[in-house]
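Right, one structure below, let's go through it.
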Amino acid sequence: CPNIIFTGWIDKLKLLSLLKMCTVGVANSSHSGQRRDCVMSVSNKVAEYFSAGLPVITNLPITSELGKKISENRCGFCYRENDGNSLIRIIEELKNNHQLLEA
């Protein structure tokens, strides 16, 4: 799919250039309840997406600190970890309702 980019690590200038082309940022985190710090902190990836004004799609629990902030501020969406269908539903909803990206 030409609209999805997996970059790995890139330098700041390239990152800023890419973020300007994005509609949404996806931040998948492997937390599985094993690492409390993953659900208590904000990753660089999420901070970069927010700094660029992008809504974030993440698999952090809606009950996590970040999940609560995303919900309260309507700046993204949380999907269930290990549930690809949940992620697909969010992406399809955004594709069909662009107003959700502006909230």
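Values in this text are rule-based calculations from the coordinates and carry no lab data. Fair warning: this is a prediction, and the values are worked out from it, not measured in the lab.
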Alpha-carbon Rg with Dmax, taken over the chain, Å: 13.4, 36
Helical contribution to [θ] at 222 nm, DSSP H n ≥ 4, -39,500 (n - 2.57), averaged over the chain, rounded to 500: -13000 deg cm²/dmol
Alpha-carbon gyration tensor eigenvalues x 5, square-rooted, for segment 54-103, Å: 17, 15, 6
